[in-house]
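Just so it is clear, none of the values below were taken in a lab; they were calculated from the coordinates. All figures in this text were calculated on a predicted structure; none of them were measured in a lab. Cβ placement follows ideal geometry from the backbone for every residue including glycine, while neighbour counts extend to all protein chains displayed.
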Amino acid sequence: MSGELLIGIDVGTYSSKGVLVTQAGEILRQHVVPHGISLPTPGHVEQDAETVWWADVLAILRELLSGPYTGADVAGVALSAIGPTLLPLDGEGRPLRPGILYGVDTRAQAQIDALNAEIGEDAIFAHSGMALTSQAIGPKIRWLREQEPEVWARAHTLTTASSYLTFRLTGRHVMDHHTAAHSMPLYDPRTRTWTEEFAAPVLGDRGLDVLPDLAWSDELAGHVTAEAAVLTGLREGTPVAVGTVDALSEAVSVGAVQPGDLMVMYGSTTFFILVQDAPTPDPRVWTVGGAFAGQHNLAAGMSTTGSLTRWFADEFAREQPDTGAAYDALFAAAAALPPGADGLLMLPYFSGERTPINDPRARGVVAGLTLTHTRAHLFRAVLEGVGFGIRHNIGAFRDLGADVRRVVAVGGGAKGRTWLQIVSDIGGETQELPEVTVGASYGDAFLAGLAAGVLRREDLSRWVRPAQPVRPNPALKAEYDRLYGLYRDLYTQTRTTVHALGDG
């Protein structure tokens, strides 16, 4: 099998996963490395590029390329990671500080306000196809320039997590178009290039040469260098794909690549990617490039979903021997309760919220508590709160005229039927669940095959096999419609209060 296998590695918020796959999509080996995040101050969410991202990649490669397999068996590699993130590098490609994470990091609100005032909200939207939010990298670059001038003075390259890992393998700084679109207002989605038009308010007197090259996710970034070969066990000269953010690779992993396909990724956050043949810009959501040349994506993301269930298990199910046992007990208890958790309603905005409300100052709210409620009721309210948020996002897509034809579920939260059924019941959506739901690393392996020239896009149909769909229960529609209205009202009625609490 010399030079025939494919490796995909994804670095996520709380863990990294890698797979070794045949060209037919058969998984030969997989490995997971858990890690954490750093919360140095409220609103700041970071990870270390060396001790987390790169260390995880090395650990995964050591595991995959052991036993019967070696680097000589690998035809191509692709990596994805959390994004968009911001990582400044010095002239030798060394990280100057921990990576600043995606929209869950809300530090740059003052810079968002300043850019909106200096450039104009309408001008930014007309240029970028979306409004500035905590997901945007441009304001975080300005934050770095203003708040850490010593780091800024030494910064030679401004990159993102997946691009940094690709650089470590190939020596080339390159970013995919999907991620670059979030570097607003530095990226022009019409020309698919970096642009000087609004660069000065972000970069100051620095030029666009601090930004990586641009390419599509499935294109060839380069080849494994001699230095990387020694560190990783990969063969020098092995093709490496450009790669992308985890959510886009996740969409590829489940075959959500045709116009009208909507991927809902149940991870630490919930991410949405709708494939389009033409963009439909709206300030509530994100208009970005797709995985392949010429494609468009309408994207959205919630801030705390899987991370909220993990927090709940860690804090309120400590008697369980491990996290898996805690989840099993919590989901079983929640499944036995009726819709609405006997009068409880939760806003899942525990780290602010991204789309469609785009409110970094939002907070979690639990309404309706009585002395009769139990831990199980609260956990059911968590699951339903996320379900209402998912309905809110899909509804926003449809409100702006986007064509949602098929919903495909993927991610760790999609492994159990209870949460999927709740979401389908709340939103009235049938969700397809592919037979293989390994996640973004599986999509990365496919991208690796495309970049190496050993696969074609049509081969994805052999990799993705559908399983039993999750269909909504029509008998619950009226009750969940009522509760969804209350959910929407709860945010507007508590917004001023939770903003004041956060400000205090």
### Task
Would you kindly calculate the translational diffusion coefficient of segment 374-424, applying Stokes-Einstein with the Kirkwood radius from alpha carbon pairs, for 4 °C and a viscosity of 1.567 mPa s, and quote it in µm² s⁻¹ without decimals?
106 µm²/s
#### Entry: Computed over segment 60-100, the ratio Rg/Rh where both radii use C-alpha atoms and Rh is Kirkwood
1.15
## Note on the structure
Scattering profile of segment 5-246 from the Debye formula, Cα beads only, expressed as log10 I(q)/I(0) at q = 0.07 Å⁻¹, is -0.23
### Query
Near the amide H of Leu214, under 5 Å away, which other amide H atoms are found, from residues 5 or more places off or on another chain, if H is placed in the peptide plane?
Met175
#### Entry: segment 374-504, relative contact order in percent, only Cα pairs under 8 angstrom and at least six apart counted
27 percent
### Task
For segment 5-246, calculate the relative contact order in percent as a whole number, restricting contacts to Cα pairs under 8 Å that are 6 or more residues apart.
21 percent
### Query
What lysines could a cross-link reach from Lys140, if we take a straight Cα to Cα line under 29 Å and drop same-chain neighbours fewer than 8 places away?
Lys17
### Message
Take Ile27 and Leu231, extend 7 Å from each Cα along the Cα→Cβ direction, and tell me the distance between the two endpoints in nm.
### Response
2.7 nm
### Query
Using the C-alpha atoms of segment 131-208, what convex hull volume per residue, in cubic angstrom, is computed?
103 Å³
### Amide proton proximity set for Thr159, modelled H, under 5 Å, gap of 5+
Leu87, Leu89
## Note on the structure
Between the modelled labels at Thr191 and Glu479 (7 Å from Cα along Cα→Cβ) the distance in nm is 5.7 nm
### Message
Cut-off is 10 Å between beta-carbons; in what order do Ile7, Ile119, Ile112, Ile426 appear when sorted fewest neighbours first?
### Response
Ile119, Ile112, Ile426, Ile7
### Query
Taking +1 at the Cβ of each Lys and Arg and -1 at the Cβ of each Asp and Glu, which of Gly204, Ala117, Leu158 sits farthest along the dipole of segment 103-233 towards its positive end, judged by Cα position relative to the Cα centre?
Leu158
### Task
With +1 on each Lys and Arg Cβ and -1 on each Asp and Glu Cβ, and nothing else charged, work out how big the dipole of the chain is about its Cα centre, in Debye to the nearest 20.
840 debye
#### Entry: Other-chain or far-sequence residues with amide H under 5 Å of Thr193's (modelled H)
Asp188
### Globularity index of segment 1-118, i.e. its alpha-carbon radius of gyration over 2.2 N^0.38 Å
1.31
## Note on the structure
Projected onto their principal axes, the Cα atoms of segment 267-407 stretch, largest extent first, over whole-Å spans of 52, 30, 29
### Summary
Projected convex hull area of the chain, Cα atoms, direction-averaged, in nm², equals 22.5 nm²
### Task
Mind checking which of Gln421, His373, Leu501 is farthest towards the positive end of the chain's charge dipole, using Cβ charges of +1 (Lys, Arg) and -1 (Asp, Glu) about the Cα centre?
His373
